[in-house]
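Working notes, structure below.
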Amino acid sequence: MRVLLAPDSFGGSLTAAEAATAMAEGWARSEPKDTAVLLPLADGGTGFVEVLHTARGGTRHEVEVTGPLGTPTRATWLELDGTAYLESASACGLHLVDERTPRTAASATSRGVGELMTAAAGHGPSAIVVGLGGSACTDGGAGMLAALGAVARDAVGDALPDGGGALARAARLDGLADVRARFEGVDLVVAADVDHVLTGPEGAAAVFGPQKGADEETVAALDAALTAWAEVLGDGLADRPGSGAAGGLGVALAALGARRVAGGELVREVAGLDEALARADLVVTGEGRLDAQSLHGKLVSVVAARAREQGVPCIALAGQVDMSTGEALEAGLEGVYSVAADAGSVEAALAEPAARLADLAEGVAKRWGARPPG
């Protein structure tokens, strides 16, 4: 049997490539005669550039940029067939913040993303694709815009400091037209892993703020600040699907004229998922946490949908599963399996994530391996 292993990254514990390797090792213990094909994927978040480089090659460029808390960090972008692929998480990712607190949630910045865009633009690409997801910031992309030359100011004209909390005082944005002119002739594309809007109960602060360290009070303050930011940006940009992606980077890129595509769909096309599915008897996907958000354009839902279209059974291995059997079947998943449940606890799963994922894959292979299901 030919088994296609096509996972996303598992949060901050495993990259997509590491997850695929662990799955392959565990599967081989039970079903050594099966052929495992590794195709690590991403949906715009963490691992976006690595996955594309693994699948298609290209030239990786490393740049020193401002990290989410203001200290320098190294970020990477990929030059491939005249297009620059950027990963926002490499510049302002949550994995770059050691301790997540209300203070860091309010002060984290996307400035490094703008610096990464500047570096990529200097190579003259015909298109710049920015993968969104896994960010530590909730600054509506104001830091990114400031790095590019469009500066948010308060009512007296002073430039706002970095961080989403400061946007509560946003009164105007200077220099946006000049920045847009700099990118004239460049196809700006947003590869977003979620379709959440900027503000409200389904907005960037409410949905993603808590995982970045925001308490209830900070979530409310950030949502109010993003509401003020939305009024400055205007044009209904905050109501567009994906405007809340990566802490609101989606809305700032929309203000630059970027068009949005589903990150998982873009990677599917570039990495050749459909071609790999055509030769597979079973596909195994996965991510760190499988829940309702996984069905909103995230990688697992993309893989499951394409597998169903091609008549290939699809199952998912995840760090944690918070999804009913009915929800899984509706999404095209014929089985969902939890590393944490198999290991006995979340703590045990995180202590040795690769080993525990391999153990789970070994057990699952006993049910699905050896011959095409059905």
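The values are calculated or read from the model by the stated rules, or taken from the named source; none is laboratory data. All values reported here derive from a predicted model rather than from experimental measurement. Quick reminder, even Gly has a Cβ in these numbers, built from the backbone with ideal geometry, and neighbours come from all protein chains shown. Calculation scope for accessible area: heavy atoms of the full protein, side chains included, ligands and nucleic acids excluded. Shrake-Rupley method; radii C 1.70, N 1.55, O 1.52, S 1.80 Å.
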State whether the range 1-149 is rounded, prolate or oblate according to the following rule on the C-alpha gyration tensor (a ≥ b ≥ c being the square roots of its eigenvalues): a/c under 1.5 gives rounded; otherwise a/b larger than b/c gives prolate, and the remaining case gives oblate. oblate
Lys and Arg at +1, Asp and Glu at -1: add these up for the other residues within a Cβ distance under 9 Å of residue 282 and post the number. -1
Determine the per residue accessible area of the range 203-282 with all protein chains present and a 1.4 angstrom probe, expressed in square angstrom. 37
Taking only the alpha carbons of the chain, what extent do you get along each of the three principal axes, in Å, biggest first? 70, 44, 34
Can you run phi through the Karplus equation (6.51, -1.76, 1.60; θ = phi - 60°) for the range 193-205 and list ³J(HN,Hα) in whole Hz, with x for Gly and Pro? 8, 9, 10, 5, 7, 6, 10, x, x, 10, x, 4, 6
Mind telling me which of 351, 221, 238 comes out most flexible in a GNM of the chain, alpha-carbon contacts under 10 Å? 351
Under 5 Å between amide hydrogens, which residues at least 5 positions from residue 127 or on another chain qualify, with H placed 1.01 Å from N in the peptide plane? 84, 187
Roughly how many debye, to the nearest 20, is the charge dipole of the range 146-272 about its Cα centre, given +1 on each Lys and Arg Cβ, -1 on each Asp and Glu Cβ, and no other charges? 300
Computing the accessible area with a 1.4 Å probe over protein heavy atoms, can you report the carbon and sulfur percentage for the range 1-104? 45
Just the accessible area per residue of the range 11-129, please: how many Å² with a 1.4 Å probe? 40
Per-residue HN-Hα couplings for the range 111-119, Karplus 6.51 cos²θ - 1.76 cosθ + 1.60 at θ = phi - 60°, whole Hz, x for Gly and Pro? 3, x, 5, x, 5, 5, 4, 4, 4
Would you kindly state how much longer the chain becomes between residue 211 and residue 351 on full extension, computed as 0.36 nm times their sequence separation minus their alpha carbon distance, in nm to one decimal? 48.4 nm
Under the Karplus curve 6.51 cos²θ - 1.76 cosθ + 1.60, θ = phi - 60°, whole-Hz ³J(HN,Hα) for the range 223-229, x wherever Gly or Pro sits: 5, 5, 5, 5, 5, 5, 5
